Amino acid sequence: MTAPRDDATDALRDSLARWLADRIDLNHHARADAPPAGPAWAGLASDLGLLGAGFTEGAGGLAADAAEAWRNHLAICETLGEWLSAEPYIGSAVVGGGLLQRAGTATAQAVLAELIDGRALLAWAHAEPGARGDPADVSAALLPGEGRAEWLLHGRKTAVVAAPWATHLVVSARRAGQAGDAAGLDLILLPLNAAGISRRDTRTLDCGVASEIAFDGVAVAQADLLAPAGQAGPAIARALDEAALALCAESLGTTRRLFDATRSHLRERQQFGQPLAAFQVLQHRLADMHIARELAAALVAAVGVQIADATLTPEARALAVSSAKVAVGKACQRVGEQAVQMHGGMGVTEELAVGRFFRRALQIERSAGSSGQHLLRIVSLQHSSP
Amino acid sequence: MQDLLTPEEQAFRDEVRAFLAEHLTPALREAGRRCSGIFAEYPQGNDWHRVLAGRGWSVPQWPVAFGGCDWTPMQHYLFAAELAAADAPPRAPMGPGMVAPVLIAFGTPAQQQRWLPGIRDGSDYWCQGYSEPGSGSDLASLQCKARRDGDHWVIDGTKIWTTHAQFANRMFCLVRTSSAGKPQTGISFLCFDIATPGITIRPIHSLSGDHELNQVFFDNVRVPLDSLIGQENQGWTIAKYLLQHERGGAYSPSLRGRWRRVAQALDAAFSGHRAAAPEAQQLRLELADLHCQLDALQALELRTLRAQAAGAERGISPSMGKLLGTELKQALTALHVRIAGNAAVPHAPLHQAGAHALALSEDGLFAISSYLNDRAASIYAGTNEVQRNIIAAHLLAG
Ligand SMILES: Cc1cc2nc3c(=O)[nH]c(=O)nc-3n(C[C@H](O)[C@H](O)[C@H](O)COP(=O)(O)OP(=O)(O)OC[C@H]3O[C@@H](n4cnc5c(N)ncnc54)[C@H](O)[C@@H]3O)c2cc1C
């Protein structure tokens with residue numbers, strides 16, 4: 001079940017890790033409410049030439065084929081997860097880049113080229129307050145406009161990760177029907193500074209940034225659409241699946257750190273005249289943490305191969321991704337909570353990186369559909385298939 | 001539960017309710033609702049403590065001779081349940097529930113006279129100096145030392161995880177006064193003023209971004225000889241007595257209040273959401289399961305209370321209660337976060353939720369903040385692993 005090894009991908013992973021190690025001090029005591037450092041996004045392109053790694057040559061990227069592109073995407077995400085990096089790779093490159101690549105319009109091609117050379121940064125504005133993970137749960141509305149503003153966008157999006165750093169937003173909206181209908185959806189590319197957009201920036205659980213965003217009559221033209229008018233449903237579903245899988249890869253880096261830190265702590269911390277590692281109940285916890293991670297890692301690698309397969313049906317993709325997300329959710333919860341518990345008082349503070357990795361793991365568990373939502377999706381897919 | 005109350009108990013409950021309706025101000029209730037940590041910040045918690053003191057209800061668990069109430073275990077239980085249900089700010093137990101029982105059991109009349117009235121009326125606020133960086137679960141290994149010098153004790157060393165030390169004016173502390181014999185035999189219990197020269201406090205920020213914890217440093221700190229409670233080197237016995245009180249309270253009254261809050265959040269999150277009905281159903285089943293667990297915990301707590309009133313030993317019941325209560329609380333807060341969905345991703349102070357045209361969900365911020373704070377519940381007051389060790393040792397002894 002392990003992913004095929006690939007020297008190019010390993011080299012990419014190593015150079016990214018070295019680059020991050022030079023910039024990120026994991027022992028730095030970050031306060032949960034301290035302002036986050038901005039991203040070093042452009043450097044990913046200019047220093048490492050890495051932003052093209054997840055795109056095929058045909059789309060202006062570096063990968064020979066879709067399989068290599070996905071191997072690279074997942075390796076990058078895993079490494080970013082390992083360094084608690086706030087780089088908005090998933091929203092910008094995996095989701096935004098994937099949608100641009102498939103849209104194929106002139107605008108999309110131009111922005112994708114800017115993305116690959118580090119000038120453009122996209123944020124994925126899909127979820128709405130109160131929406132519960134259903135991809136069609138979109139209320140933001142496109143109303144008829146006039147002139148260049150063929151439509152006017154009204155609505156509200158929530159927890160849009162990295163929006164304050166972005167140049168563009170990719171926004172889902174509907175031109176027909178009501179929240180929950182799969183038909184009538186659009187995908188729109190907008191500059192962040194378009195008239196009629198207002199934002200509230202907040203810190204996120206994992207020490208990143210996100211925004212609440214309101215659209216109040218934002219002008220939208222035909223050229224801004226990233227999918228055929230009213231038919232963006234499948235593109236949105238695919239973007240969400242790909243985001244979920246990328247998050248799964250990120251979690252492997254995050255939970256590895258939590259696991260390693262806990263193992264070292266058990267070896268080093270002395271209580272009752274012996275290392276914590278001498279207590280069997282803690283040994284068993286460590287074993288369970290490892291097993292949860294190994295299961296998740298194997299499944300994520302396997303689904304990473306499947307997702308690049310052009311013949312994969314949306315249903316098969318959904319089942320595979322949901323399965324990986326559930327395994328990862330378990331690993332995030334188990335590894336994260338146990339890492340904190342076994343660190344004792346130190347674990348619940350900002351003094352160690354463990355707490356920040358734990359919050360990141362929690363956010364991963366909650367993003368792109370929680371474990372519970374993915375389980376329910378599996379149930380509904382299994383019941384609808386013959 | 002209601003139907004099980006005797007007419008006297010019902011009358012008592014109504015009296016408490018009437019008092020709360022009149023004296024628990026909207027501001028205090030709001031502070032109670034926004035408290036996602038272990039207990040309310042000092043100003044709100046203490047305001048409420050003083051209101052209760054005015055009615056003679058600030059320290060009902062104390063003996064009547066010291067200003068407590070002559071209540072039955074059931075009355076104590078009802079009182080706690082009504083406070084929780086009304087969103088009263090949870091008060092810090094270090095003074096009323098931890099050091100006070102020690103002073104009553106081991107203090108001299110002069111010490112009792114000096115410290116108990118200030119705890120009762122809210123003019124003193126205490127913090128607990130037990131843990132050290134190298135001594136957590138293994139408390140007996142503590143190193144912070146005190147030596148006699150004339151008519152003073154001189155303290156050197158450090159304490160950590162000292163909750164609310166930044167608000168406290170008094171501290172009770174375990175110190176090493178002898179290194180001879182077993183580690184347990186050389187420990188003493190001291191009470192003193194935080195304002196004593198040589199004490200410094202370093203804040204420690206927790207996962208949720210809150211400041212509740214501190215590290216306290218002692219550099220040649222001189223406190224009077226009568227700071228010592230009980231005998232020199234008898235501190236371990238006192239420490240264990242105190243821990244029984246720290247762990248011994250009933251959890252189900254406040255959990256019942258929290259359960260209702262999570263149930264309301266669930267209704268609100270899914271109202272008008274047909275597409276998400278299966279998720280709502282899944283969450284409701286889990287909430288119902290927690291309800292059953294809560295009923296069982298409550299039954300166990302009430303049975304224990306009645307047995308204690310009849311003179312039974314506490315035994316392992318504080319450990320069982322601590323385990324069950326904290327793990328149920330963690331399950332409730334974890335469920336609350338799942339109910340909050342996306343609303344739990346932003347990280348901002350609760351009072352800022354609505355302070356913008358693009359409001360955040362205050363419930364979502366509360367859910368994640370209390371989940372993060374509650375990770376500590378299985379660590380403080382003796383970790384849950386240690387409680388399981390205590391229970392197992394008791395069951396396997398002899
Ligand atoms: C929010 C909070 C508030 C606190 N407030 C105070 C306060 O006001 N005053 C004060 O003095 N202290 C306070 N504490 C400290 C608390 O009592 C200690 O954190 C606790 O005793 C654990 O010690 P430790 O953190 O050193 O963990 P450690 O003892 O290092 O334990 C680390 C892990 O190892 C496990 N472990 C240790 N020994 C064993 C064993 N024999 N068998 C199995 N597992 C074991 C533990 O359960 C834990 O999971 C507070 C702690 C927290 C988190």
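The values are calculated or read from the model by the stated rules, or taken from the named source; none is laboratory data. No experiment lies behind these values; they were computed from the predicted model shown. With ideal geometry, Cβ positions are generated from the backbone for all residues, glycine too; neighbour counts draw on all protein chains shown. Ligands, DNA and RNA are excluded from the accessible area calculation, which covers all protein heavy atoms including side chains. Shrake-Rupley method; radii C 1.70, N 1.55, O 1.52, S 1.80 Å.
Using equal-weight Cα scatterers in the Debye expression, the normalised intensity of segment A:285-350 in log10 at q = 0.20, 0.23, 0.26 Å⁻¹ is -0.77, -0.89, -1.01. Inverting the mean 1/r over all pairs of different Cα atoms, compute the Kirkwood radius of segment A:90-141 and quote it in Å. By the Kirkwood definition, the hydrodynamic radius is 12.1 Å. Calculate the tail of P(r) for segment A:77-176: the fraction of all Cα-Cα distances greater than 21 Å, expressed in %. Cα-Cα pairs of segment A:77-176 separated by over 21 Å account for 43 percent.
Note on the protein assembly as shown: with charges restricted to the Cβ of Lys and Arg (+1) and Asp and Glu (-1), its dipole about the Cα centre is near 1280 debye.
Toward the positive end of the charge dipole of segment B:181-305, with +1 on the Cβ of Lys and Arg and -1 on the Cβ of Asp and Glu, the farthest Cα among B:GLY209, B:THR237, B:LEU297 is that of B:LEU297. From the largest down, segment B:98-205 spans 39, 36, 28 angstrom on the principal axes of its Cα atoms. Between 0 and 90 degrees, the angle of helix A:314-342 with respect to the longest Cα principal axis of chain A falls at about 40 degrees.
Among the chymotrypsin sites (Phe, Trp or Tyr not before Pro) in segment A:110-173, none is located in a DSSP loop while being surrounded by at most 13 other Cβ atoms within 10 Å of its own Cβ. When the Cα atoms of segment A:1-143 are aligned to their principal axes, the ranges along those axes come out at 48, 43, 36 Å in descending order.
Plugging the Kirkwood radius over Cα pairs into Stokes-Einstein for segment B:129-171, at a temperature of 4 °C and a viscosity of 1.567 mPa s, what D comes out in µm²/s?
After rounding, the answer is 111 µm²/s.
How large is log10 of I(q)/I(0) for segment A:112-264 at q = 0.16, 0.20, 0.21 Å⁻¹ when the intensity is taken from the Debye formula with one equal scatterer per alpha-carbon? Result of the Debye calculation: -0.91, -1.34, -1.45.
Against chain A, whose longest principal axis is taken from its Cα atoms, helix A:371-384 shows a tilt of about 60°. Taking a quarter of the surface of the Cα convex hull of segment A:237-386 gives a mean projected area of 9.5 nm².
Starting from the Cα gyration tensor of segment B:199-246, take the square roots of the eigenvalues, sort them a ≥ b ≥ c, and report rounded, prolate or oblate (rounded when a/c is under 1.5, otherwise prolate if a/b is larger than b/c, else oblate). Oblate. Rounded, prolate or oblate for segment A:306-381? Axes are the square roots of the Cα gyration tensor eigenvalues, ordered a ≥ b ≥ c, and the cut-off for rounded is a/c under 1.5. The shape class here is prolate.
Residue by residue along A:197-203, Cβ atoms of other protein chains within 10 Å of the local Cβ number 4 on average. Each residue was assigned an accessible area with a 1.4 Å probe, and for A:LEU299 the value is about 40 Å².
Taking a ≥ b ≥ c as the square roots of the eigenvalues of the Cα gyration tensor, segment B:1-69 is classed as oblate, since a/c reaches at least 1.5 and a/b does not exceed b/c.
Surface calculation, 1.4 Å probe, protein heavy atoms: A:THR9 sits at approximately 10 Å² accessible. For the set B:TYR130, B:TYR251, the ranking by accessible area, highest first and with no ligand, DNA or RNA atoms included, is B:TYR251, B:TYR130 under a 1.4 Å probe.
Could you order B:ARG306, B:ARG170, A:ARG269 so the one with the most accessible surface comes first? Probe is 1.4 Å.
In descending accessible area the options line up as B:ARG306, A:ARG269, B:ARG170.
Remark: C-alpha extents of the protein assembly as shown on the principal axes read 87, 57, 49 Å, sorted largest to smallest. Its Cα gyration tensor gives segment B:181-303 an equivalent ellipsoid. The semi-axes, each the square root of 5 times an eigenvalue, are 47, 22, 11 Å from largest down.
Based on alpha-carbon atoms, the Kirkwood radius and the radius of gyration of segment B:287-398 give Rg/Rh equal to 1.13. Convex hull volume per residue, computed on the Cα atoms of segment B:59-130, equals 103 Å³.
A Cβ-based charge dipole, computed about the Cα centre of segment A:232-297 with Lys and Arg at +1 and Asp and Glu at -1, lands at about 260 debye. The candidates B:THR185, B:THR304, arranged from most to least accessible area with a 1.4 Å probe in the full protein assembly, appear as B:THR185, B:THR304. Scanning chain B for GluC sites (Glu not before Pro) in DSSP loops with at most 16 neighbouring Cβ atoms within 10 Å leaves B:1-231 as the longest stretch between them.
Looking at segment A:180-241, which trypsin sites (Lys or Arg not before Pro) are DSSP coil and have at most 13 other C-beta atoms within 10 Å of their C-beta?
Working: sites: A:ARG199, A:ARG200, A:ARG203, A:ARG238; in loops: none.
For trypsin sites (Lys or Arg not before Pro) across segment A:180-241 that sit outside H, G, I, E and B with at most 13 neighbouring Cβ atoms in 10 Å, the list is empty.
In the calculated pair-distance distribution of chain B, the portion above 28 angstrom amounts to 50 percent of the Cα-Cα pairs. Given a 1.4 Å probe and the protein chains as shown, B:TYR241 ends up with an accessible area of around 80 Å². Per-residue mean of foreign Cβ neighbours for A:350-356 is 3 (Cβ atoms of other chains, 10 Å radius). Helix-only arithmetic for chain B: the sum of -39500 (n - 2.57) across DSSP H runs with n ≥ 4, divided by the residue total, places the mean residue ellipticity at 222 nm at -15500 deg cm²/dmol. Sequence-distant contacts, meaning Cα pairs under 8 Å at least 6 residues apart, place the relative contact order of chain B at 14 percent. Taken over segment B:174-223, the percentage of Cα pairs per 10 Å bin, counting from 0 up to the bin with the maximum distance, is 21, 35, 31, 12, 0. In chain A, the DSSP-assigned H stretches of four residues or longer account for a calculated mean residue ellipticity at 222 nm of -15500 deg cm²/dmol, using -39500 (n - 2.57) per stretch and the full residue count as denominator. Values of log10 I(q)/I(0) for segment B:1-120 across q = 0.17 Å⁻¹ run -0.90, by the Debye formula with one identical scatterer at each alpha carbon and no solvent.
What the Cβ-Cβ distance of B:ILE391 and A:GLU268 gives, at R0 = 22 Å and to the nearest 0.05, is a FRET efficiency of 0.20. Dipole magnitude for chain A: about 880 debye, using +1 per Lys or Arg Cβ and -1 per Asp or Glu Cβ, origin at the Cα centre.
Enter the per residue convex hull volume of segment A:228-307, computed from alpha-carbon coordinates, in Å³ rounded to the nearest integer.
96
Taking Cα atoms only, the orientation of helix A:66-82 departs from the longest principal axis of chain A by about 50 degrees.
Which whole number gives the average, over all residues in A:338-345, of C-beta atoms from other chains lying within 10 Å of the residue C-beta?
That works out to 5 on average.
For a 24 Å ceiling on Cα separation, which of these pairs sit above it: B:LYS159/B:LYS182; B:LYS145/B:LYS182; A:LYS330/B:LYS329; A:LYS330/B:LYS322; B:LYS145/B:LYS240? Going by Cα-Cα distance, A:LYS330/B:LYS322 fall outside the 24 Å limit.
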